[in-house]
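None of the figures in this text is laboratory data; all of them are computed from the coordinates on show. Fair warning: this is a prediction, and the values are worked out from it, not measured in the lab. With ideal geometry, Cβ positions are generated from the backbone for all residues, glycine too; neighbour counts draw on all protein chains shown.
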Amino acid sequence: MRIAIGSDHAGYELKENLVSFLKGLGHEVVDLGSHSTDPVDYPDYAEAVAKEVAGGGAHRGILLCGSGVGACVVANKIPGIRAGTCHDTYSGHQGVEHDDMNVLVLGARIIGTEVAKEIVQAFLGAKFSKEERHQRRLNKLLDIERRYSK
């Protein structure tokens, strides 16, 4: 799977660990930065990852910032993105299975590396269920997105 990943300075170290982890699992990784712990603005990296996924350049995306909240808010501004901040494995897979989540957002100041790896595996291993109730809800979400997109 082709995975786009990005972080701000707070998520840089965890991102580096996850890039190696993902490559070790055989995934193709598109690292969109940041590339150091020097302070940067999270919206730049969240937008880059979201655009890569929305444009079809990556199957899924992973974003990291301090809490996960800011990057998640930004990513969800991009049409076609369904990002969720997850700090447990259940949310990591359930967000895909029920909501067709395509960008996982992690708070690097909230969770450690090993938990992050477990959540990433749950996220990447999950598939949208296509059950009638989940498809109906996704269709409503997509209708809302269309109504408010320019």
Descending Cα extents along the principal axes, the stretch 2-148, whole Å: 43, 30, 26
Distance in nm between pseudo-label sites at His35 and Asp143 (7 Å out along the Cβ direction from Cα): 4.6 nm
Residues with amide H under 5 Å from that of Val29, placed H, sequence gap 5 or more: Ile3
Theoretical FRET efficiency, 1/(1+(r/R0)^6), r = Cβ-Cβ of Ser20 and Glu131, R0 41 Å, to 0.05: 0.70
Rg/Rh for the stretch 66-150, where both radii come from Cα atoms and Rh is the Kirkwood radius: 1.00
Degrees, to the nearest 10: 42-54 long Cα axis against longest axis of the chain: 50 degrees
Theoretical ellipticity at 222 nm over the chain - DSSP helices of four or more residues, -39500 (n - 2.57) apiece, nearest 500: -15500 deg cm²/dmol
Acute angle (nearest 10 degrees) that the helix 132-148 long axis makes with the longest principal axis of the chain, alpha-carbon atoms: 80 degrees
GluC sites (Glu not before Pro) lying in DSSP loop within the stretch 44-150, provided at most 12 other Cβ fall within 10 Å: Glu131
